[in-house]
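The structure under discussion appears below in the form of C-alpha cells.
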Amino acid sequence: MMAGFAAIVFLLIRAIRNLVELIYLWQSGIKLSRFYAVRVWGARRKPLLMLLIIDTIVVVALIFILSARIQMW
C-alpha cells in the first residue's frame with residue numbers, strides 16, 4: 001500500500017517536472033529553446049517536445065492505473 005502511494009508521488013513529481021520543461025521550452029522562444037534542448041538534453045526542440053508530451057501522457061496514465069488499483073484494495 002505504501003509502495004503504491006510512493007510510486008504515485010514519484011510519478012506526480014515526474015509529470016510536474018515534464019510540464020515545467022514543456023512550458024520553459026514553449027515560452028523561451030525558438031532560438032533559446034533550441035540551444036537549451038541541445039545543451040541540456042542533447043536533442044532538437046521538436047522531437048524533445050514530442051518526447052516530453054508522450055512521457056507525460058504515459059505517466060498520467062500510470063497514475064490513474066495505480067490509483068485505481070489502490071482503491072480496489
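The values are calculated or read from the model by the stated rules, or taken from the named source; none is laboratory data. Predicted, not measured: the structure shown is a model, and the values here were computed from it. All accessible areas refer to the heavy atoms of the entire protein, side chains included, with ligands and DNA or RNA removed. Shrake-Rupley method; radii C 1.70, N 1.55, O 1.52, S 1.80 Å.
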Mind listing the Cα extents of the chain along all three principal axes, in Å, largest one first?
-> 50, 19, 16
Trp73 to Leu12: extension gain in nm, 0.36 nm per residue of separation minus the Cα-Cα distance?
-> 19.9 nm
Tell me what the chain gives for mean residue ellipticity at 222 nm when only DSSP H runs of n ≥ 4 count, each as -39,500 (n - 2.57), the sum divided by the residue total, rounded to 500 deg cm²/dmol.
-> -29000 deg cm²/dmol
Relative to the longest principal Cα axis of the chain, at what angle does helix 2-27 sit, 0 to 90 degrees, rounded to 10?
-> 20
Report Leu32's accessible area, 1.4 Å probe, all protein chains in place, as a number in Å² to the nearest 10.
-> 80
With the convex hull built on the alpha-carbon atoms of the range 1-41, volume per residue in Å³ sits at 45
